[in-house]
Amino acid sequence: MLTSLRRSASYLWPRSLFGRLSLILLFGLCVAHVLSFGTIVYEREQASKASMIYYLGHDVAGSIAMLERLPAVEREAWLTKLDRHNYRYFLRAAGPASVHPPEKSADSALAIEVMHSVSSALGKEYTVTPSFYLDAEARKHMDLHLQLSDGTPVSIEMVARGMTYSVWLPVILMVQLLILIAFSWLAVRLATRPLAQLAAAADNLSPDKPGDLFPTDGPLEVAKAGIAFNAMQQRIAAYLSERIQILAAVTHDLQTPITRMRLRVEMLDDEQHKDKLLRDLLAMQSLVEQGIAYARTHNRSQRQDEKICSINLDALLRSLVSDYQDAGDSIAVTGQLGRPIRSAPQALKRILSNLVDNALKFGTQVEIVLQTLTDNQIAIGVMDRGPGIPVSELIAVLQPYYRVENSRNRDTGGSGLGLAIAQQLTLTLGGSLHLSNRDGGGLLAELRLPNRDD
């Protein structure tokens with residue numbers, strides 16, 4: 001039961017900092033507003049009660065003095081003129097149904113205060129006695145009883161009246177609360193907006209392009225965070241650029257000695273050793289070429305960006321499949337888009353070639369599937385039947401020089417850069433690359449691209 005309550009509370013609790021701060025401030029403002037209103041009402045009631053008791057005695061004394069001076073036959077007609085908002089006069093004695101309030105109750109305390117005020121104002125000539133009774137709705141009332149100098153009984157019926165408030169008071173309070181909420185929302189918004197901007201700037205960090213600088217013209221704390229973030233961004237970009245430059249330089253410089261070694265191997269008489277050495281040199285050459293290709297695709301300063309143009313994707317896929325079929329590879333393509341899209345043809349062909357080479361190297365029954373996911377996105381899937389990739393390594397294989405040892409070992413060749421290059425080129429095209437294992441064995445490499453035709 002306690003666990004379910006905690007889960008329900010977690011669902012109601014906002015996940016964003018903006019929502020949490022807004023909810024806390026809103027709750028605090030409402031509680032403070034209610035407490036302030038209650039305090040004002042209580043103080044007003046206490047002040048009104050003290051004022052009423054003070055003026056009650058003087059008003060009753062004046063009214064009794066007037067009744068004393070009026071002839072007995074005219075007193076009844078004057079009673080209505082002496083009535084007040086909280087009490088009325090009657091020429092009658094105390095009734096037999098009168099009851100006394102319990103000791104130490106609010107009624108007895110109020111009765112003592114009222115009696116003291118009236119008695120003090122009337123003087124010792126009059127004896128004032130209280131009585132209490134219940135009306136038809138079980139509400140308790142209090143009367144004051146005394147006698148005039150000629151023996152005429154007078155009863156003063158105290159009428160409980162609630163405190164009246166202006167009709168515009170709730171409206172004013174609501175307007176005040178709305179104003180406080182509006183300014184609180186603005187304050188929370190101003191406080192949390194830099195965090196959202198910082199998160200967006202962090203998401204835009206990419207080795208392929210310089211990130212957006214975080215603004216440093218806000219409050220002091222935000223400005224300091226922006227300066228630190230921009231400095232960190234520049235350091236990361238410098239580290240990545242240096243790493244890629246080292247990779248490009250090393251792989252480029254290796255081409256010359258490898259070429260010289262191939263020339264020398266060609267002059268060997270031992271054909272058996274000659275073939276082995278040539279295979280090793282070709283593998284080294286492939287590693288060097290893949291390293292250069294990765295460095296160029298990963299670093300903007302070392303590549304010439306291909307222009308985006310309108311291409312016939314259906315024709316590009318048919319041409320790619322035809323080239324593989326001419327080389328003796330078994331590959332098929334299904335699905336058709338039926339209209340051109342805007343993309344970079346050479347980069348797209350390089351991505352698909354790397355995915356198909358990967359599928360042919362480690363699997364069989366390779367197939368390319370083209371489909372439209374939404375109005376804004378298309379998908380090109382390269383499927384094979386083979387060992388697949390462990391689920392825990394589906395993301396890691398997109399990193400450079402990472403190879404799965406269990407199912408795709410070094411004996412099959414490869415540099416571990418094919419998928420990394422495909423991933424990097426996909427990002428430059430504004431797309432995404434997803435790997436997943438197929439039911440029955442095999443891998444699906446799904447390339448998702450923007451569905452743009454203008």
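The values are calculated or read from the model by the stated rules, or taken from the named source; none is laboratory data. Owing to the predicted nature of the structure, the values given are computational and were not obtained by experimental measurement. Reconstructed Cβ throughout: ideal geometry from the backbone, glycine too, with neighbour counts over all protein chains shown. Ligands, DNA and RNA are stripped out before the accessible areas are found, and what is left, the full protein with its side chains, is counted by its heavy atoms. Shrake-Rupley method; radii C 1.70, N 1.55, O 1.52, S 1.80 Å.
Working only within the range 342-365, note down all residues that are surrounded by fewer than 18 Cβ atoms within 10 Å (Cβ to Cβ), farther than 20 Å from D314 by Cβ and touching a strand residue (DSSP E or B) at 6+ places or on another chain (Cβ under 7 Å).
T364, Q365
Answer with yes or no whether A223 is hydrophobic (A, V, I, L, M, F, W, C), farther than 30 Å from V41 by Cα and at pLDDT 75 or above.
Numbers: hydrophobic (A, V, I, L, M, F, W, C): yes; farther than 30 Å from V41 by Cα: yes; at pLDDT 75 or above: yes.
Spelling it out, A223 is indeed hydrophobic (A, V, I, L, M, F, W, C), farther than 30 Å from V41 by Cα and at pLDDT 75 or above.
Residue pairs, Cβ under 8 Å, 6 or more apart or interchain, first in the range 134-151 and at negative phi and open to solvent by 40 Å² or more (accessible area, probe 1.4 Å), second at pLDDT 70 or above and in a loop (DSSP other than H, G, I, E, B). List them.
Between residues of the range 134-151 that are at negative phi and open to solvent by 40 Å² or more (accessible area, probe 1.4 Å) and residues that are at pLDDT 70 or above and in a loop (DSSP other than H, G, I, E, B), the close pairs are Q147/Y126; Q147/T127; S149/E125.
If A200 satisfies all but one of (1) at pLDDT below 85; (2) open to solvent by 90 Å² or more (accessible area, probe 1.4 Å), what's the number of the condition it fails?
A200 satisfies every listed condition except (2).
Looking at S105 and the list (1) in contact with a Lys or Arg (Cβ under 7 Å, 6 or more places away or on another chain); (2) modelled with pLDDT under 75; (3) open to solvent by less than 50 Å² (accessible area, probe 1.4 Å), which single condition is not satisfied?
(1)
Quick test of your reading of the structure: Y42 fulfils all but one of (1) at pLDDT below 85; (2) open to solvent by less than 70 Å² (accessible area, probe 1.4 Å). Name the failing condition by number.
Failing condition for Y42: (2).
Just give me the residues in the range 293-329 being open to solvent by less than 20 Å² (accessible area, probe 1.4 Å), in contact with a helix residue (DSSP H, G or I) (Cβ under 7 Å, 6 or more places away or on another chain) and at pLDDT 65 or above, in sequence order. Steps first, please.
Of the range 293-329, the ones open to solvent by less than 20 Å² (accessible area, probe 1.4 Å) are 293-295, 297-299, 311, 313-314, 317, 320-321.
When the remaining residues are screened for being in contact with a helix residue (DSSP H, G or I) (Cβ under 7 Å, 6 or more places away or on another chain), the result is 293-295, 297-299, 311, 320.
I311, L320 - these are the residues of the range 293-329 that are open to solvent by less than 20 Å² (accessible area, probe 1.4 Å), in contact with a helix residue (DSSP H, G or I) (Cβ under 7 Å, 6 or more places away or on another chain) and at pLDDT 65 or above.
Take the range 326-340 and flag every residue that is more than 18 Å from R385 (Cβ to Cβ) and within 51 Å of the chain's Cα centre (by Cα).
G335, Q336, L337, G338, R339, P340 - these are the residues of the range 326-340 that are more than 18 Å from R385 (Cβ to Cβ) and within 51 Å of the chain's Cα centre (by Cα).
What about M267, is it modelled with pLDDT under 75 and of a type outside the set (K, R)?
Working: modelled with pLDDT under 75: no; of a type outside the set (K, R): yes.
In short, no.
Has the range 53-61 got any residue that is surrounded by 13 or more Cβ atoms within 10 Å (Cβ to Cβ), of a type in the set (V, I, T), closer than 18 Å to S155 by Cα and modelled with pLDDT under 80?
yes
Can you pull out every residue in the range 330-352 that is at pLDDT below 85 and of a type in the set (S, T, N, Q)?
Q346
Out of S8, S36, which single residue is assigned to a helix (DSSP H, G or I) and at pLDDT below 75? Give the steps one after another, and end with the answer.
Details: S36 fails: at pLDDT below 75.
One residue alone meets the criteria, S8.
In the range 62-89, how many are under 22 Å from S51 (Cβ atoms) and basic (K, R)?
Looking only at the range 62-89, we keep the residues that are under 22 Å from S51 (Cβ atoms), and these are 62-65, 82-89.
Next, only the ones that are basic (K, R) stay: 84, 88.
Summing the residues that are under 22 Å from S51 (Cβ atoms) and basic (K, R) in the range 62-89 gives 2.
Note down all Cβ pairs under 9 Å where the first residue falls in the range 327-343 and is over 26 Å from K361 (Cα atoms), the second is open to solvent by 70 Å² or more (accessible area, probe 1.4 Å) and of a type in the set (A, V, I, L, M), and they're at least six residues apart or on different chains.
Listed by first residue and then by second, the contacts come to R342/I308; S343/I308.
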